[in-house]
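Okay, so here's the structure we're looking at.
The values are calculated or read from the model by the stated rules, or taken from the named source; none is laboratory data. Worth saying up front: this structure is predicted, and the values here are computed from it rather than measured. Here the Cβ is made from the backbone with ideal geometry for all residues, glycine too, and neighbour counts use every protein chain on show. For the accessible areas, the whole protein counts, side chains as well, though only heavy atoms, and no ligand, DNA or RNA atoms are used. Shrake-Rupley method; radii C 1.70, N 1.55, O 1.52, S 1.80 Å.
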Amino acid sequence: MAHYEDGAVKGSGLRQYTGRGGGFEDLVAVTDSSTGPVAVSDVDGDGILEVFVGGGCGRGRYPEAAASRLYRNPGGRLEVDRDNTAVLAQAGLVSGAAFTDLDGDGGPELVLACEWGPIRIWRNRQGRLEPWDVPLAWPSGVVPRVPAAADGRPVARLSQLTGWWNAITAGDFDGDGRLDLVAANWGRNTKYERHRARPLELWFGNLNQDGVLALVEAYYDPGLKKVVPARQLDVLAHSLPFLRARFPSHRAFSLAGVEDVLGESRHTAGRLEANWLESTLFLNRGDHFEPRPLPVEAQMAPAFGVCVGDLDGDGHADLFLAQNFFAVQPETARYDGGRGLCLQGDGRGGFAPVSGQDDGVAVYGEQRGAALADYDADGRLDLVVTQNGAATRLFHNLRAQPGLRVRLRGPAGNPTAVGALLRPILGASMGPAQEVRAGAGYWSQDSAVLVVGPVAELTGLWIRWPGGRESRIPVPGGAREVAVTPSGDCEVIGR
């Protein structure tokens with residue numbers, strides 16, 4: 001990602017490393033907005049990767065979202081896919097992005113985590129992206145802590161579950177071969193938790209009539225029976241000086257609703273809301289998702305990076321969450337209740353927290369991006385965690401049962417077979433699905449070399465390649481690393 005400054009315009013664009021001369025060349029021109037996450041996949045099945053660039057916000061225009069874009073790659077040069085970009089233009093403030101095949105047809109869906117918005121999905125219809133508002137069915141015994149819909153029924157669509165979503169990725173958490181989703185959110189250990197009876201609100205607009213966007217956080221006060229500002233008069237008046245004349249005392253301000261505060265500006269102000277702050281698992285049931293909040297330990301701090309992989313080698317997908325947020329308002333204690341959390345999967349969609357004393361992970365800073373890779377080629381997934389203003393941490397996996405390292409070799413336009421889905425064949429059954437993915441979590445990317453286990457039970461590999469072609473590959477005995485091609489060739493690289 002590149003940052004540009006020419007004295008008049010500041011923004012972001014995309015650059016690629018060429019290895020020639022200066023080493024980099026511009027692929028996407030500078031825009032007057034921040035660039036969000038980047039995800040890559042073969043959207044149209046032609047063997048060449050496309051690039052999604054998530055929209056952040058314009059300079060000084062938060063929370064107005066910049067447009068998201070999809071770029072195609074004819075002839076090695078990125079060009080805007082205008083049809084799909086038009087569909088994506090109103091995606092919102094995109095915090096996390098991933099391509100993943102949710103419906104099992106070989107074409108990747110685009111999944112976005114949005115701040116002050118929902119998780120959004122665009123279904124892939126032979127290269128054309130269409131909005132997909134997936135139904136939700138809450139599991140038995142789970143009472144959603146979200147306001148009911150207007151007709152009194154619980155929230156029943158993905159678009160209704162609005163949050164401060166930070167990141168998203170996919171994994172097969174219940175072993176049925178369908179890819180599920182997991183999304184990172186702000187959790188329950190914040191000052192906003194006590195105001196969750198109704199959605200949290202954000203009002204914004206040209207409130208000072210000076211051309212600059214001003215913001216007012218708000219929540220519903222059951223005592224006053226009105227939506228009220230979240231911040232006190234002396235704090236809010238720094239950005240809205242007219243409040244000093246409108247409210248002569250703190251008492252007068254304490255009785256005012258947000259519409260009293262905004263006055264006539266309320267008619268032109270924008271309004272966003274968030275009704276769900278839990279980091280959440282969404283099990284893919286084919287025609288609907290089953291939402292399950294992650295365990296309470298995952299809700300004790302805001303989560304950003306989220307990684308999926310078999311961390312202990314038992315054949316089930318596990319999770320890692322990168323946590324904490326320190327850049328809080330002056331009157332707010334920082335959110336530092338996490339030190340990086342591993343969650344052990346049971347293969348049925350359940351997770352149990354692993355203590356730091358047991359897993360060895362202890363990162364007390366402001367964790368952000370995280371990724372999994374078997375960097376020392378021992379068949380165990382290792383973990384890297386980045387931090388704001390502190391060192392990047394690398395954790396070497398010492399205890400996991402080693403698995404089989406699998407390299408998938410695709411065509412020249414997609415050499416690591418991004419978008420391929422793999423399941424281990426374990427005798428008469430198959431294990432959970434894994435996907436080669438470029439971009440997921442919080443602005444991160446796991447290794448394209450998959451680690452599959454348990455080796456002792458492994459007899460073959462089932463692979464669905466980008467575009468939908470399927471193959472079954474026997475695994476030679478004693479192999480520790482193999483490279484597989486769509487034609488069925490399986491080369492043993494290590495024993």
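How far apart, in nm, are two points set 7 Å out from the Cα along the Cα-to-Cβ line at Gln401 and at Ile493?
Modelled inter-label distance: 2.4 nm.
Using a probe of 1.4 angstrom, how much of the accessible area of the chain is carbon and sulfur, in percent? If you can, show how the numbers build up before the last one.
Values: 10700 of 21440 Å².
Ligands and nucleic acids excluded, carbon and sulfur give 50 percent.
Let me cross-check His195: its accessible surface, 1.4 Å probe, with only protein heavy atoms counted, in Å² to the nearest 10?
Approximately 30 Å² of His195 is accessible to the 1.4 Å probe.
Let's test the formula: R0 of 22 Å, r as the Cβ-Cβ distance of Tyr192 and Glu64. What FRET efficiency results, to the nearest 0.05?
Taking R0 as 22 Å, the efficiency between Tyr192 and Glu64 is 0.50.
For segment 412-475, report the convex hull volume of the alpha-carbon atoms normalised per residue, in Å³, without decimals.
On the way: hull volume 6.5 nm³, N = 64.
So the per-residue hull volume is 101 Å³.
Can you pull a Stokes-Einstein diffusion coefficient for segment 235-376 at 20 °C (1.002 mPa s), Rh from Kirkwood over Cα pairs, as a whole number of µm²/s? Let's see the in-between values first.
Numbers: Rh = 18.8 Å.
Reported coefficient: 114 µm²/s.
Take every Cα pair under 8 Å in the chain that's 6+ residues apart, average their separations, divide by the length, and report that relative contact order as a whole percent.
The normalised contact order for the chain reaches 13 percent.
How do 414-424, 178-188 rank on mean C-beta neighbours within 10 Å, highest first? Don't skip to the answer; put the middle values down first.
On the way: 414-424: 22.4, 178-188: 25.5.
Top of the packing list down: 178-188, 414-424.
Taking only the alpha carbons of segment 296-375, what extent do you get along each of the three principal axes, in Å, biggest first?
If we take the Cα atoms of segment 296-375, the spans are 46, 29, 21 Å.
Tell me what the chain gives for mean residue ellipticity at 222 nm when only DSSP H runs of n ≥ 4 count, each as -39,500 (n - 2.57), the sum divided by the residue total, rounded to 500 deg cm²/dmol.
Numbers: 6 runs with 29 residues, N = 495.
That calculation yields -1000 deg cm²/dmol at 222 nm.
For segment 209-335, what is the accessible area per residue in Å² when the probe is 1.4 Å?
Value for segment 209-335: 44 Å² per residue.
So if R0 is 25 Å, what FRET efficiency would Arg82 and His288 give, r being the distance between their Cβ atoms, rounded to the nearest 0.05?
According to the calculation, E is roughly 0.20.
Please list, by residue number, every one of the chymotrypsin sites (Phe, Trp or Tyr not before Pro) in segment 206-266 that is coil in DSSP and has at most 16 other beta-carbon atoms within 10 Å. Don't jump to the answer; show the numbers that get you there.
On the way: sites: Tyr219, Tyr220, Phe242, Phe253; in loops: Phe242.
When the chymotrypsin sites (Phe, Trp or Tyr not before Pro) of segment 206-266 are filtered for loop state and at most 16 Cβ neighbours within 10 Å, Phe242 remain.
Could you run the Karplus curve 6.51 cos²θ - 1.76 cosθ + 1.60 with θ = phi - 60° over segment 49-66 and give me ³J(HN,Hα) per residue in whole Hz, x for Gly and Pro?
Karplus-based 3J(HN,Hα) across segment 49-66 equals 7, 9, 10, 9, 10, x, x, x, 9, x, 4, x, 10, 4, x, 5, 8, 7 Hz.
Over the heavy atoms of Ile121, what accessible area does a 1.4 Å probe trace out, to the nearest 10 Å²?
The accessible area comes out at roughly 10 Å².
Normalising by the residue count of segment 323-431, find the relative contact order in percent from Cα pairs under 8 Å and 6+ residues apart.
Relative contact order for segment 323-431 comes out at 15 percent.
Taking the Cα-to-Cβ direction at Phe326 and at Phe242 and moving 7 Å from each Cα, how far apart do the two end points lie in nm?
If labels sit at Phe326 and Phe242, their model points lie 3.8 nm apart.
Under a point spin-label approximation (7 Å from Cα along Cα-to-Cβ), what is the Ala428-Thr268 distance to one decimal in nm?
7.2
How are the alpha carbon pair distances in segment 40-174 distributed across 5 Å bins from zero to the largest one, expressed in percent?
It works out to 2, 10, 17, 21, 19, 14, 9, 5, 2, 1, 0, in whole percents.
So how long is each side of segment 346-495 along the principal axes, counting just the alpha-carbon atoms, biggest first, in Å?
47, 35, 30
Residue by residue, what Karplus-based ³J(HN,Hα) values in Hz, rounded to whole numbers, does segment 328-338 have, using 6.51, -1.76 and 1.60 with θ = phi - 60° and x for Gly and Pro?
3J(HN,Hα) across segment 328-338, in whole Hz: 8, 5, x, 8, 10, 5, 5, 8, 10, x, x.
I'd like the antiparallel share, as a percent to the nearest 5, of DSSP beta bridges with both residues in the chain.
The antiparallel proportion sits near 95 percent.
Any chance you could tell me what percent of the C-alpha pair distances in segment 405-446 go past 15 Å?
Everything past 15 Å amounts to 53 percent.
Hey, got a sec? Which trypsin sites (Lys or Arg not before Pro) in segment 370-430 land in a DSSP loop and have at most 13 other Cβ atoms within 10 Å?
Arg399
Taking GluC sites (Glu not before Pro) that fall in a DSSP loop and have at most 16 other Cβ atoms within 10 Å as cut points, what is the longest piece of the chain between them?
65-330
To the nearest µm²/s, what D does Stokes-Einstein give for segment 184-295 at 4 °C and 1.567 mPa s, using the Kirkwood radius over alpha carbon pairs as Rh?
So the translational diffusion coefficient is about 82 µm²/s.
If Thr280, Thr485, Thr392 are ordered by their accessible area, calculated over protein heavy atoms with a 1.4 Å probe, which sequence runs from highest to lowest? Working shown, then result.
Numbers: Thr280 0, Thr485 35, Thr392 85 Å².
Greatest to least solvent exposure: Thr392, Thr485, Thr280.
So what is the relative contact order for segment 272-353, in percent, with contacts set as C-alpha pairs under 8 Å and at least six apart?
23
In square nanometres and to one decimal, what's the mean projected area of the convex hull around the Cα atoms of the chain? Write out the running numbers ahead of the final one.
On the way: hull surface 101.6 nm².
Average projection, Cα convex hull of the chain: 25.4 nm².
Towards the positive end of the charge dipole of the chain, with charges on Cβ (+1 Lys, Arg; -1 Asp, Glu), say which of Leu88, Leu277, Gly107 has the farthest Cα.
Leu277
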